[in-house]
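Participant: Below is a structure I'd like to ask you about.
The values are calculated or read from the model by the stated rules, or taken from the named source; none is laboratory data. If you're wondering where the values come from, they're calculated on a predicted model, not measured in any experiment. Don't worry about glycine lacking a Cβ; one is built from the backbone with ideal geometry, like all the others, and counts go over all protein chains shown. The accessibility values were calculated without ligands, DNA or RNA, using every heavy atom of the protein model including side chains. Shrake-Rupley method; radii C 1.70, N 1.55, O 1.52, S 1.80 Å.
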Amino acid sequence: MSRVTLSRYLIEQTRSHNTPADLRFLIEVVARACKAISHQVSKGALGGVLGSLDSENVQGEVQKKLDVISNEILLEANEWGGHLAGMASEEMDNAYQIPGKYPKGAYLLVFDPLDGSSNIDVNVSVGTIFSVLRCPDEQQGETGDLGEDAFLQPGTEQVCAGYAIYGPQTMLMLTLGNGVKGFTLDRELGSFVLTHDTIKVPESTKEFAINMSNQRHWEAPVQRYVGELLAGESGPLGRNYNMRWIASMVADVHRILTRGGVFMYPRDGRDPAMPGKLRLMYEANPMAMIIEQAGGAATDGSQRILDIQPTSLHQRVPVFLGSKEEVLRITAYHRS
Ligand code: P6P
């Protein structure tokens, strides 16, 4: 049977689900940019791309060379095509304006160009996370700069979300709102090939992911829940659990999509002004859409992540996502 490439899948989606042609083009461009990022990441020390710069991003995090390289690859690939009204990135303080010499389009692209980049220098999987929104009609085609407000839409407004994971294989995981598909990069063809047609997160699990070193800072519901996980089969949950923490959200989420699990990055007492580490617009929202489309659940402990009304481009939220049974349990503990 002939293999289904990403391009063929998207053309078939255009026909069967009326996926607009310019959205199809946008996804193809992002996929090509991810291939270029994969190539840069795989060079490692040979490419002179490892290590940090003297600069910090808006998060106050030291930027890795590959953070900036990946960000530039995505900007340069997407700015000229006429499918975007603007872009926003973890690596840029403000929204990116499409240069006046290029046509503007209907969509907004929001991304973390290289998530988990602290793992690059130790050769652990990293990835690119992206989210696509429609630009509000009143802001499309304006000659003036696109304001941050155009991006501040709840995750339910995403028309597409996905990530690329640069691991032993480079894969692209994608949802257009009708399920999650997985594509593996065939480096001989140079194409992403459909290898995971229908991805479902198992409803229950025996595996959890959290950075245990922060335990003393957690709030009571998380202390209670993780205590029950650690109590194992003699505890209230009646089963033994395993733990994984890769400290690369893309890698942890990919494992959960593949075999189930619950991922947690809760708010903690270290900085009351910081309600968590992960960012809503380009980490939590796209991952929440993917997880929900695969039958899982994603909350901030109190509400569905996709329902959160953003108040700023780089705002952070607590994240609990994965196998529905466990996410609903930890969310119930927050409400009790
Ligand atoms: P910690 C990577 O920097 C990241 O944003 C996510 O990819 C990852 O889940 C988290 O931070 C890891 O945080 O505190 O365990 O290093």
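Participant: Please work out if Trp245 is within 16 Å of the ligand (Cβ to nearest atom), without any contact (Cβ under 8 Å) to a residue 60 or more places away in the chain, within 23 Å of Ile290 (Cβ to Cβ) and surrounded by fewer than 21 Cβ atoms within 10 Å (Cβ to Cβ).
Facilitator: Judged against the criteria, Trp245 is a match.
Participant: Okay, moving on. Which numbered condition in (1) assigned to a helix (DSSP H, G or I); (2) touching a strand residue (DSSP E or B) at 6+ places or on another chain (Cβ under 8 Å); (3) closer than 18 Å to Ile165 by Cα; (4) away from the ligand (no atom under 12 Å from the Cβ) is the only one that Phe192 fails?
Facilitator: Every condition holds for Phe192 apart from (1).
Participant: Looking at region 200-231 only, could you name the residues that are free of Cβ contacts under 8 Å to residues at least 40 places away in the same chain, under 19 Å from Ile246 (Cβ atoms) and of a type in the set (A, V, I, L, M)?
Facilitator: Hits for region 200-231 are Met212, Val226, Leu229.
Participant: For region 277-290, indicate whether the set of residues that are away from the ligand (no atom under 12 Å from the Cβ), in the same structural domain as Pro318 (by TED's automatic domain parsing), on the phi > 0 side of the Ramachandran plot and surrounded by 24 or more Cβ atoms within 10 Å (Cβ to Cβ) is non-empty.
Facilitator: no
Participant: Check every one of the strands (runs of 3 or more DSSP E) wholly within region 26-117 and list those with 2 or more residues that are modelled with pLDDT under 95 and under 30 Å from Asn211 (Cβ atoms).
Facilitator: 52-56, 62-64
Participant: Are any residues in region 198-222 open to solvent by less than 60 Å² (accessible area, probe 1.4 Å), assigned to a helix (DSSP H, G or I) and not hydrophobic (A, V, I, L, M, F, W, C), and if so, which ones?
Facilitator: Asn214, His217, Pro221, listed by residue number.
Participant: While we're here: Take Val159 and decide whether it is under 19 Å from the mean Cα position of the chain (by Cα), surrounded by 23 or more Cβ atoms within 10 Å (Cβ to Cβ) and β-branched (Val, Ile, Thr).
Facilitator: no
Participant: Right, here's the next one. Got a sec? Which of Phe183, Phe151, Phe192 is within 13 Å of Tyr282 (Cβ to Cβ) and among the aromatic types (Phe, Trp, Tyr)?
Facilitator: Phe151
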